[in-house]
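These notes concern the structure reproduced below.
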Amino acid sequence: MKKVVIVGACGHMGRVIADIVSGREDCTVIAGIDKAGGGAAFPIYPGFDSLTEKPDVIIDFSHPSVLDSMLAYCLTNGVPVVIATTGYSQEQVEQIHKAAEQIPVFFTFNMSLGINLMAELAKKAVAVLGGQFDIEIVEKHHNQKLDAPSGTAIMLADVINKSLDKPCTYVYDRHSVRAKRSKDEIGIHSIRGGTIVGEHEIIFAGRDEVVTLKHEAHSKSVFAVGAVNAAVFLCGKPAGLYAMSDMLADK
Ligand SMILES: NC(=O)c1ccc[n+]([C@@H]2O[C@H](COP(=O)([O-])OP(=O)(O)OC[C@H]3O[C@@H](n4cnc5c(N)ncnc54)[C@H](O)[C@@H]3O)[C@@H](O)[C@H]2O)c1
């Protein structure tokens, strides 16, 4: 039975994670970290200093401001961590990579199997369509989401960019520049509204034809199931940076 601490335990994702874990027999939640506090079947602490028992693994769906204290705790205590929070700066991403030299870190902007399949399909599309087609990414999320574009949209753009012979620049906003679209860019567009859980479209627009890859998440459970699977997978692994592709290869 793996002992789990949920960071961001009182948030939307934290509560879904607790629900998924409660239905499993291979793991249990021993505590949560959240500045909000209360309302859970396990103790919620405001910070890592208050943790009384060392977990086997931490699952984080919180806020970039938690990263410093969380990594400090994990590094000091040798605790593996699944980091699902989005909106990190480039420096923070580097900090995560550096921590992974000493502890196991599972880090992905999207925990769903479908999105990770979409990333693989996008690589194939780039191999076939290459620089011939204009590539635009559109992401849609609920009106409570803090960061834009979504971490997943950036992840998809990065996957595409690495597969192109000549890397493109990302263009987030077209209203300020009156100029034709260049071939050397990937457009990334964000829509916020209502309760949309998460939609991502990659549009490959060519001359007289358009290929679209689309993924829709209909509930937060798709991310929670992936994160809990990742946490169990991470226990006992050597230090390193892990992603969904490692977990799939392990099956
Ligand atoms: N990687 C994925 O697959 C995936 C999927 C869904 C959401 N996310 C990301 O997970 C994060 C959380 O999403 P959510 O919808 O649950 O958000 P949320 O706002 O509902 O929950 C975040 C929780 O973190 C807590 N928190 C914030 N700052 C804190 C701090 N400094 N110390 C302690 N607790 C703090 C808040 O009190 C809140 O309860 C976001 O970054 C979101 O983009 C990632």
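A short reminder: the numbers here are calculations on the coordinates, not readings from a lab. Worth saying up front: this structure is predicted, and the values here are computed from it rather than measured. Glycine gets a Cβ as well: all are built from the backbone with ideal geometry, and neighbour counts include every protein chain shown.
In segment 58-86, whose amide N lies under 17 Å from the spot 7 Å out along Cα-to-Cβ of Ala239? List them in ranges. Only 71-82 fall inside the zone, counting backbone N under 17 Å. Fully extending the segment from His97 to Thr169, taken as 0.36 nm per residue of separation minus the present Cα-Cα distance, adds 23.6 nm. Between Leu117 and Gln90, the FRET efficiency estimated from the beta carbon spacing at R0 = 22 angstrom works out to 0.25.
In angstrom, the C-alpha Rg and Dmax of the chain are 19.1, 62.
Anything in the chain that counts as a DSSP H helix reaching 20 Å or more along its axis (C-alpha) with Kyte-Doolittle mean of at least 0.5? List them, would you?
For the chain, where a helix must reach 20 Å along its axis and average at least 0.5, the hits are 113-129.
Bridgeable aspartates and glutamates around Lys3 (alpha carbons under 20 Å apart, same-chain partners fewer than 8 residues away excluded): Asp19, Glu25, Asp26, Asp34, Asp49, Glu53, Asp56, Asp60.
Computed from the alpha carbon atoms alone, the convex hull of segment 113-217 holds 106 Å³ per residue.
How much net charge surrounds Ala205 when only other residues with a Cβ under 12 Å from its Cβ are counted (Lys, Arg +1; Asp, Glu -1)? Net of charged neighbours comes to -2.
The label-point distance for Met1 and Lys35, in a model that sets each label 7 Å from Cα toward Cβ, rounds to 3.3 nm.
Placing a label point 7 Å from the Cα of Lys145 along the Cα-to-Cβ direction, the residues of segment 188-210 with a backbone N closer than 16 Å are 188-203. Compared with the alpha-carbon gap, the fully stretched path from Asn77 to Glu209 is longer by 42.1 nm at 0.36 nm per residue.
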